[in-house]
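This report refers to the structure that appears directly beneath it.
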Amino acid sequence: MAQTMNHSPGSIVTCRSRQWVILPSENQDVIRLRPLSGNEDEIAGIYQKLLEEELEKIESATFPLPQATSVQDHAAALLLMDAARLLLRSGAGPFRCLGRLSLRPRPYQLVPLLMALKLETVKLLVADDVGIGKTIEAGLIARELLDRGEVKRIAVLCPPHLCDQWQQELSEKFHIDAVVVRSGTASKLERNIPNNDSVFSYYRHLIVSLDYAKAERRRASFITHCPDLVIVDEAHTCARPNKTTTSQQQRHQLITEIAQKQEQHLLLLTATPHSGIEESFLSLLGWLKPEFEHFNLNSLTDKQRDHLANHFVQRRRADVKLWLGNETPFPERESSEESYNLSKEYKELFDEVYNFARGLVKTTTADMSHAQRRGRYWSALALIRCVMSSPAAAIATLNRQVSKSGERLLADLDENLMSSYVHDPTEQEQAVDASPTVVIEQGQQSYKDADKRKLKAFVQAAEKLQGGKDQKLQSCIATVESLLKDQMNPIVWCRYIATANYVADALRQKLEKKGSQIRVIAITGELSEDERETRLEELKSYPQRVLVATDCLSEGVNLQTHFSAVIHYDLPWNPNRLEQREGRIDRYGQTATKVKACLLYGRDNPVDGAVLDVLIRKAVQIHKSLGITVPVPMESTTVAEAVFKSLFERTTEVIQLSLFEFQEESAVDKVHKNWDKAVEREKTNRTRFAQRAIKPEQVEQELIDSDQILGNEQDVERFVLSACDRISCSLIKKKQGWLLSQPPDFLKSTLGDKSRLLSFTTPTPEGVEYVGRNHPLVEGLSRYILEDALSHTNEPIAARCGFTTTNAVQKRTTLLLVRLRHLLDSSKRTTETRNTTSLLAEECAVIGFTGSPSSPSWLTQLEATSLLQQAKPVSDVGKAIKQVEISELLQRLEELQPDLEKFARERAEELLQSHRRVRTMTQEGRIRVTPQLPMDVLGIFILQPGRK
């Protein structure tokens, strides 16, 4: 007779001579089974038709009770509790995600998660300052929505250089395996999918390059197959541009179409939501709710402010550094300036190039087109910038020009393209670090033979300046040596590829001597994403290291683990870029208490002086005094042009120029005034949207509830130390952590056999491995110990039975370690149907009573847990006596069933209330929690009062 399957999720069954727990299944034709020990790596699926045809058999079973013969000491009892708790993945706490994390989030990082759970459809802008942990905050929300069954798929849209980092973060910290979709990977991914399938629909979780998804031919496909949750990193690059920019318009259109999808969850991440242009910022807010785009931010009503605050969080480091009694160790940033004088030869070249560039601007005529005039202006700026950067950049830029005829004329000029080679725009997906050759071409339409000869002479002069006559380079070398001497590993930021390679070569010659442990590597935009990652990994393996990089790494890339100082070899002409560079090391996770940032500038270089005075120093002062980064108002680009226009139009010798002689001084004043207004606006916003409505006490209570179910960092440390000690694989205390000289044999296939230095808290020092509850060591030990205990061996590592004589109790006390399973059925009406989701939540609990099983006097759960954790043996009795006592108790266990079932129902009700407390459900949404009975009795422990 064919078998019919009517076991509900959470039931215990026998199949293939093994006991399993039935899990909820999205496919009604497949029965999902998990081993009784909780090992999710061995989850199996049984096709329903196999049961119908009697090719497989599933029978009801019960959880095996402990056996008195396996009685052990009290430490073994505590070990069992820890192993069982730490194996839980679908914990029955207020947050479903915490059981699957490989990190311990800071309490403040739970605030965006709480905000998200209070929204029916999650539309959230997270604009916390650089280095606070927006990636972690987004990962928490993604993992939680997945574990609640509210989303099935996620996608991250980000700049291409951040794709691999996102993939690594999601995999290692949140156990979300996603594929990277960008130009270099799409073809390979497409070859692995069936015909007619889209790469956007076939793979469950995606990390997609913004510039790949925005393309006209791909945008419609992405929108059609858009995952339930989309995370947009560096969201400010997708805001509605102030000027017509095809690339940014495409990005804006893509996110707009995503935001317009019904019931679409959307997370926007950026440290700089407000670029200074109100319309661009409002366009971001409009993605959260269309009405937000029409708000007057200067005169919000209380209702509008509250409404917006439900979707927008923006906090400074000062807001979170000491939050809920937990101090987050952000480093102190020490900023300095290092000046140098140009050598005589370099000064001569600079003056000649400067006068030549000024001539390009001054000799424009009325018969020239607008494109020609602007082309000469941009060409002049590019000439000055590449020569200021390095002799190598000058050679790379000008060498191609000597043979150019200059006959190519442009009717139109792409101002944004020109700016990307000369200025430092931060709204682009990728920084342009190539030499500005294409820009200089635009100024050559009317070159005379004498002009071409000058270009050739500039190249020849630059070739003679490399090395000893380049005081900027020598100053950089001295600064790097000083930082290395102070045990700091610096990043040297350069504007152009040629400069980065030139500086790296010079540093290698100076520092990489025989026997040296110093390594210097350059990473620039000419390398592929994979090549950059390979070089970075190579560099990290050296005790002392110097990274020379262009701005291809300055936005969003995490470098804080291996570097602690930055040198700005080339001053950025946009202070926003300054903060992005320094933010790579000045962020949470930096173990150095102090990081250093050094600005190199030419004392006798008027352009450096102007940029410093007008832009850089003010930005540094704002950060130092307020602890926040305020982007320069967009008008600063106009001011930069005014500065350089003033320089170009003066007849005074360049060496005599100073900021205070500018004819456009009023323009500088105007930008500083606008910048000051922006500072006040940001201070107000961070007060208004710091989410003080979510009280620390609320987060604290949820954390306490979660820790009781899943365990905290102290529980993990206690368990690993105790477990390793009992299997003769003890850890040795070292200054920076615990040394595991060799993993146990049963874990060598997972961990290898090399020694490891471990830490149970974060941030971890360099070279030390963080061990959280989901670390392979913890998971492997927990699984091994629990399976050993359930196998009924006579000498188990952990005890399912115990008898302890202790002064911790006044009366004979019985403790039960139980494992409860709850079935969570949630239903929600969508636009078309009512969807029902079933989830299984589990928890381990210690409950205890005094008296006999027939008339127990129950302890609180907190009292029972404390006794198991803190009771100390004061004497011992024979093993035979212990076994008799345990046997008698086991025979009377049935008498406790009514009370155990009552406890299970109470816990189910508490779980229901905690779920409702943190998750807003409307649209007729409802949830039901049903305890799956009987609960598992993992362990029985008797505490006998000691003699007075």
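The values are calculated or read from the model by the stated rules, or taken from the named source; none is laboratory data. Because the structure is a prediction, the values reported are computed rather than measured. Cβ: placed from backbone, ideal geometry, glycine included. Neighbour counts: every protein chain shown.
For the range 122-136, a tally of residues being assigned to a loop (DSSP other than H, G, I, E, B) and more than 18 Å from the chain's Cα centre (by Cα) returns 1. Of the residues making up the range 737-764, those that are out of contact with any Ser or Thr (no Cβ under 7 Å at 6 or more places or on another chain) and either exposed (fewer than 11 other Cβ atoms within 10 Å of the Cβ) or not hydroxyl-bearing (Ser, Thr, Tyr) (or both) number 16. Residues in the range 142-160 that are part of a loop (DSSP other than H, G, I, E, B) and aliphatic (A, V, I, L, M): 151 alone. Which members of the range 97-121 meet the condition of being over 19 Å from the mean Cα position of the chain (by Cα) and either of a type in the set (S, T, N, Q) or not in a helix (DSSP H, G or I) (or both)? Matches in the range 97-121: 118, 119, 120, 121.
Condition test on residue 147, is it modelled with pLDDT of 90 or more, among the charged types (D, E, K, R), over 23 Å from residue 120 (Cα atoms) and surrounded by fewer than 22 Cβ atoms within 10 Å (Cβ to Cβ)? Against the criterion (modelled with pLDDT of 90 or more, among the charged types (D, E, K, R), over 23 Å from residue 120 (Cα atoms) and surrounded by fewer than 22 Cβ atoms within 10 Å (Cβ to Cβ)), residue 147 does not qualify. In the range 143-154 there is no residue matching the filter, namely being among the aliphatic types (A, V, I, L, M) and more than 30 Å from residue 211 (Cα to Cα).
So which of 86, 79, 98, 55 ends up being of a type in the set (A, V, I, L, M, F, W, C) and either surrounded by fewer than 20 Cβ atoms within 10 Å (Cβ to Cβ) or in the same structural domain as residue 288 (by TED's automatic domain parsing) (or both)? Write out each step before concluding.
On the way: 86 fails: either surrounded by fewer than 20 Cβ atoms within 10 Å (Cβ to Cβ) or in the same structural domain as residue 288 (by TED's automatic domain parsing) (or both); 79 fails: either surrounded by fewer than 20 Cβ atoms within 10 Å (Cβ to Cβ) or in the same structural domain as residue 288 (by TED's automatic domain parsing) (or both); 98 fails: either surrounded by fewer than 20 Cβ atoms within 10 Å (Cβ to Cβ) or in the same structural domain as residue 288 (by TED's automatic domain parsing) (or both).
That would be 55, the only listed residue that is of a type in the set (A, V, I, L, M, F, W, C) and either surrounded by fewer than 20 Cβ atoms within 10 Å (Cβ to Cβ) or in the same structural domain as residue 288 (by TED's automatic domain parsing) (or both).
Scanning the range 698-736 for residues that are surrounded by fewer than 16 Cβ atoms within 10 Å (Cβ to Cβ), among the aliphatic types (A, V, I, L, M) and not assigned by TED's automatic domain parsing to the domain that holds residue 818 returns a single hit, 704. When the range 535-559 is filtered for residues that are out of contact with any strand residue (DSSP E or B) (no Cβ under 8 Å at 6 or more places or on another chain) and over 18 Å from residue 519 (Cα atoms), the ones remaining, listed by number, are 555, 557, 558.
Here the condition is being surrounded by fewer than 17 Cβ atoms within 10 Å (Cβ to Cβ) and either modelled with pLDDT of 95 or more or of a type in the set (A, V, I, L, M, F, W, C) (or both); of 498, 450, 462, it holds for 450 alone.
Among the residues making up the range 307-336, those that are under 30 Å from residue 609 (Cβ atoms) and buried (at least 16 other Cβ atoms within 10 Å of the Cβ) are 331, 333, 335. Would you be able to say whether some residue in the range 311-320 is over 30 Å from residue 478 (Cβ atoms), more than 21 Å from the chain's Cα centre (by Cα) and polar (S, T, N, Q)? No: zero hits.
Annotation: residue 125 fulfils all but one of (1) surrounded by fewer than 24 Cβ atoms within 10 Å (Cβ to Cβ); (2) closer than 30 Å to residue 682 by Cα; the unmet one is (1).
When every residue of the range 585-604 is checked against the conditions, none turns out to be at pLDDT below 90 and closer than 22 Å to residue 678 by Cβ. For the range 201-217, a tally of residues being basic (Lys, Arg) and farther than 14 Å from residue 160 by Cβ returns 2.
Restricting attention to the range 229-253, the residues being at pLDDT 95 or above and more than 21 Å from residue 580 (Cα to Cα) number 2. Condition check for residue 74 on (1) closer than 15 Å to residue 868 by Cβ; (2) at pLDDT below 90: one failure, at (2).
A single entry from 533, 555 fulfils the requirement of being under 27 Å from residue 392 (Cα atoms), part of a helix (DSSP H, G or I) and out of contact with any Phe, Trp or Tyr (no Cβ under 7 Å at 6 or more places or on another chain): 533.
Take the range 42-58 and flag every residue that is free of Cβ contacts under 8 Å to residues at least 24 places away in the same chain and assigned to a helix (DSSP H, G or I).
Going residue by residue through the range 42-58, those that are free of Cβ contacts under 8 Å to residues at least 24 places away in the same chain are 42-43, 45, 47, 49-50, 55.
Listed by number, the residues that qualify are 42, 49, 50.
Of the residues that make up the range 835-851, is at least one at pLDDT 90 or above and not in a strand (DSSP E or B)? Checked against the condition, which is being at pLDDT 90 or above and not in a strand (DSSP E or B), the range 835-851 yields at least one hit. Screening 814, 865, 793 for residues that are in contact with a helix residue (DSSP H, G or I) (Cβ under 9 Å, 6 or more places away or on another chain) and in a loop (DSSP other than H, G, I, E, B) leaves exactly one candidate, 793. Annotation for the range 213-223: no member residue is in contact (Cβ under 8 Å) with a residue 40 or more places away in the chain and surrounded by fewer than 22 Cβ atoms within 10 Å (Cβ to Cβ). Apart from one condition, residue 437 fits all of (1) modelled with pLDDT of 95 or more; (2) over 23 Å from residue 564 (Cβ atoms); (3) surrounded by fewer than 24 Cβ atoms within 10 Å (Cβ to Cβ); the exception is (1). Of 559, 483, 536, 527, all but one fail to be closer than 19 Å to residue 596 by Cβ and at pLDDT below 95; the exception is 559. Taken as a whole, the condition of being surrounded by fewer than 18 Cβ atoms within 10 Å (Cβ to Cβ), modelled with pLDDT under 95 and under 14 Å from residue 232 (Cβ atoms) does not apply to residue 303.
Could you please find all residues in the range 780-820 being of a type in the set (D, E, K, R) and in contact with a Ser or Thr (Cβ under 9 Å, 6 or more places away or on another chain)?
Step one: of the range 780-820, the residues of a type in the set (D, E, K, R) are 783, 787-788, 795, 800, 811-812, 819.
Across the range 780-820, the qualifying residues are 783, 787, 795, 800, 811, 812.
Within the range 170-221, work out how many residues are among the acidic types (Asp, Glu), modelled with pLDDT under 95 and under 26 Å from the mean Cα position of the chain (by Cα).
Summing the residues that are among the acidic types (Asp, Glu), modelled with pLDDT under 95 and under 26 Å from the mean Cα position of the chain (by Cα) in the range 170-221 gives 2.
Looking only at the range 778-824, residues that are over 24 Å from residue 751 (Cβ atoms) and either of a type outside the set (S, T, N, Q) or in contact with a strand residue (DSSP E or B) (Cβ under 8 Å, 6 or more places away or on another chain) (or both) come to 28 in all.
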